[in-house]
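We did not get these values from a lab; they are worked out from the coordinates using the rules stated. Worth saying up front: this structure is predicted, and the values here are computed from it rather than measured. Glycine gets a Cβ as well: all are built from the backbone with ideal geometry, and neighbour counts include every protein chain shown.
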Amino acid sequence: MTLQPHQTYVLDSARRKAYWHLLPLLFLCYVIAYVDRANVSIAKLTMSKDMPAFDNGVIGFGAGLFFLGYFLLEIPSAVLIEKWSARRLLTRIMVVWGIMAALTSMVKTPNQFYGVRFFLGLAEAGFFPGVVVYLTHWFPSRDRTKALSYFMIATPVAQIVSPKISNALLKIGTDEVVNGSTIHHPAVLGLVGWQWVYIAWGLPAVLLGAYVFFMLPDHPRDAIWLTPDEKDALEQELAREKALRSAGRPRMTVLEALSHPKVLLLAVAFFGTVTANYGIEFFLPSILQQWYSLKLNDITWLIILPPCVAVLGQLFIGWNSDRTKERRLHSIIPIVLGATALGFAPLTQHSLTLTLVCFMVAMGGIKAYQVAFWALPGLFLTEVAAASSIGLINSIGNLGGFLGPNVMGTVQKMTGSFSGAIYYLSGSMFVSATIIFLLGIGNREKRS
């Protein structure tokens, strides 16, 4: 069906408004969510000094427990986004996770740390797959991967903006040597730096959750900032694409989707890359500290470099994947490049520059492939089946967030070195790339 010039103009206007009204808010929410799950990597640098029981093994296990809680509620949350209300569910998720993130500041023992990390995972479960599903309610296929890339650059952006803010907070209640003189930074309200890291990043989630309730429309028909013609044009375009995808396909139940071999293999592939992602993210500051005996201020500058590459990679993959309508190689190539760079990283321990280059390429690959990867389930599933499959892939895959930090912390504790664990993470990425290659889905689409 060919649209008339006026219809095309109205549809394009609706698409532009959707970008500008939805993505900045979702982006900001994801920045806060990602910092709240990962800021333990910075907080641990002084948290372990105040509480010696919190060694790399404890931190790695506790960091990973987040993903066990995340696993339990992921699928129900994704289905609720499809069948109920994104606005209401995302509000609930954000308010509760913000409270749990702030409560991490009160832990005194490893068991308390384990408990709060587990419940933080329960609280945040469903946010990411929920947004992936939500974007299908708003963006036609030509825009979807690009829209997802704009949303997903929140993760590297979070890694760029949070270290220096967290570093400033870490100084609260500590002594600092500046030009040979010792400066004391007093505690605030009886709390020290690592405690304020958790509080300062948890409270914005609560405030944003309340804002989302009033400002995030579930569907184009609910948006007050679209004209009636724009609402109709966007709804009709989405309905047309939905009918095209469903044509000739049997309607699949949620259980059938969850047991689909391709869904299960995509979950395994995602598991491999997530294992590497969180293994590196949670321990990169510790790796640089061990290999080069750097000061905290230097570390928090250097760990900003890898996510800068990730931002550029995600934007490029999102743009080029939508332009070419190709998803498979746009998923595989970044993973292979990242895995190769990660495998070389332990060999560069005597050159800080080479080490940083390896981790920059590795992080770029780990992040960039995802925007094309998340388009794959929608190529063979629709509606609730697609929503539930996205939830399953994300929940199983994110169990890698439990394995990766555990491998890093345990191997370092047992051997005194991170090298063996880094090789393991690199290998898991190669396995993921192989699975996606063998699945054979996501080749260049024929333009309708």
For 149-162, 12-25, ranked highest to lowest by mean beta-carbon neighbours within 10 Å, the order is 149-162, 12-25
With the label point 7 Å along the Cα-to-beta-carbon line of R240 and a cut-off under 20 Å to each amide N, the hits in the stretch 290-325 are 322-325
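Just order 434-441, 358-365, 40-47 by mean Cβ neighbour count inside 10 Å, highest at the front, would you? Show your work: numbers first, answer last.
Details: 434-441: 15.8, 358-365: 25.1, 40-47: 23.5.
Taking the mean over residues of other Cβ atoms within 10 Å, the ranking is 358-365, 40-47, 434-441.
Compute the signed sum of charges (Lys and Arg +1, Asp and Glu -1) over the other residues within less than 14 Å, Cβ to Cβ, of I59. Please list the in-between numbers first.
Working: positive: R37, K44, K49, R117, K413; negative: D50, D55, E281.
Computed value for this residue: +2.
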Any trypsin sites (Lys or Arg not before Pro) in the stretch 288-388 that lie in a DSSP loop and have at most 14 other Cβ atoms within 10 Å would be K295
Over the stretch 5-439, the quotient of the Cα radius of gyration and 2.2 N^0.38 Å is 0.98
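What ranking do 399-409, 182-192 get when scored by the average of other Cβ atoms within 10 Å per residue, highest first? Don't skip to the answer; put the middle values down first.
Details: 399-409: 25.8, 182-192: 11.9.
Highest-to-lowest ranking by the protection proxy: 399-409, 182-192.
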Summing -39500 (n - 2.57) over every DSSP H run of at least 4 in the chain, dividing by its residue total and rounding to the nearest 500, the 222 nm mean residue ellipticity is -25500 deg cm²/dmol
For the pair V268 and Y9, the simple spin-label estimate (label points 7 Å beyond Cα toward Cβ) gives in nm 5.4 nm
